Structure formats: C-alpha cells, structure tokens
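Report on the structure given below.
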Amino acid sequence: MAATPEAPQARYSEKAQEIIQRTVELLAAGGYHSFSFADIAERVQVRKASIHHHFPTKPELVRAVVARHREATLRGLAALDQAHADPLGRLVAYCRYWAGCIRQASPPICISALLAAELPAIPDEVAAEVQAHFEQLEAWLVATLKAGAASGSLRLSGSAASEAALFMATVHGAMLSARASGNPALFWKIAKLATDRLKPG
C-alpha cells in the first residue's frame, strides 16, 4: 500500500479548509451542479472574491475536495491495515465505518461515489481525481482479498480483481439504496452480505 500522503491541513489555510468542508456538504446534498460559489460564500460568510482567492474556479475547488478525500481514504485504509491483522476484519471495519457515517450523515455518502454517477458531466480534472480514488480503493481491496485467500480467512469465488469490483459495487450501491430509501440502516444490511459471502466454510 502506498505511503500516506501529506495531510491536507499542511497545504491549506484554515479558511480554505472551511471552504472545502462546506463544499463537501453541498456536494453531498445535491452533487456537482447543485451549487455555486455564492452558496459557498453564504455558508462561509465571506465574499465570493475570497473563495476565488483560494480556489480560482469551481473545478479546482471540487478537485481539491476529492483530492483531500483520497488522502483521507489512504490514511484510513492504512489505519485499518494496522488495526486488523485479519483481512476479513478489515473489510468488516471498512463497512462499519461507512455505516456510522451514513447513520450520522457525516458524510451521508462517499463523495467520490456520488461524483462517479455524474462522471460524463463533470470537468476532466475532477473526473481524474474520482477515477484515481476508485483505483486506489480497488488496489487496497485486491491486496486485502489476496491476503485473506492466502491465509484462509476469506473464500473467493473469482479472482481477487473481480471480487474487489463486486465488493465496491455492492458497498457503493448500498450507499445509494440507503439514500434513496431514506433508511440509513439499509446500508449495513447490504454491506454485511458483501462480507458474509467472503467467509470461508
């Protein structure tokens, strides 16, 4: 697994971090095209010019949001590797993390998963960050699944790559199902099936 990148706080001022956080909230609420710099300025209580000072364009701002999400994901996956020697335990912990986020609406959905649904209609620089997020998540899943198969703690029905793709599709689909139904508990019901099917025996 790649080394954890420099934390975003080291690169952004306090105000820039607040702008990024408010953008996360607006993205989670309605997607890329649902807000403008005016909406962010109202939430941060600054003029639009101040936002442009930190992030000249909306694509640059949202790219920064996804890049921060990617960095946080890498740190989180590394923490799971350290906290759980058992690969199955890592996958369960990953699902439980998102179950907690969705239950508390903090955030209510993975930003990259949300933006992936808009991929044909978002700027190229944002799309590239979203795709990079899924590539790094897939790489972690493949490594985890291979380790589990080798140790006997996971039973794979197909290749590690195909199982990783299925796991991602199930987990992110569960996020959308929970959102569509207005039932946060539905996420865990579906995600648990994704881990239960990997148990040996």
Pick from region 30-66, criterion without any contact (Cβ under 8 Å) to a residue 12 or more places away in the chain and not in a loop (DSSP other than H, G, I, E, B), ranking: surrounded by the most Cβ atoms within 10 Å (Cβ to Cβ): Ala41
Leu186 being closer than 30 Å to Ala64 by Cβ, part of a helix (DSSP H, G or I) and not hydroxyl-bearing (Ser, Thr, Tyr): no
Filter result (aliphatic (A, V, I, L, M), buried (at least 17 other Cβ atoms within 10 Å of the Cβ) and farther than 20 Å from Glu138 by Cβ) within region 67-108: Ala99, Ile102
Residue within region 122-132 that is touching a Ser or Thr at 6+ places or on another chain (Cβ under 8 Å), β-branched (Val, Ile, Thr), assigned to a helix (DSSP H, G or I) and surrounded by 18 or more Cβ atoms within 10 Å (Cβ to Cβ) present: yes
Residues that are crowded, with 16+ Cβ neighbours inside 10 Å, over 16 Å from the mean Cα position of the chain (by Cα), in contact (Cβ under 8 Å) with a residue 24 or more places away in the chain and farther than 16 Å from Leu137 by Cβ, drawn from region 157-187: Pro184
Checklist (1) closer than 30 Å to Gly152 by Cα; (2) assigned to a helix (DSSP H, G or I); (3) without any contact (Cβ under 8 Å) to a residue 12 or more places away in the chain applied to Ala85, failing item: (2)
Residue in region 168-184 that is more than 14 Å from Cys95 (Cβ to Cβ) and of a type in the set (A, V, I, L, M) present: yes
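None of the figures in this text is laboratory data; all of them are computed from the coordinates on show. Quantities reported herein were computed from a predicted structural model and do not represent experimental measurements. Cβ coordinates were reconstructed from backbone atoms using ideal geometry, including for glycine residues, and neighbour counts include every protein chain displayed.
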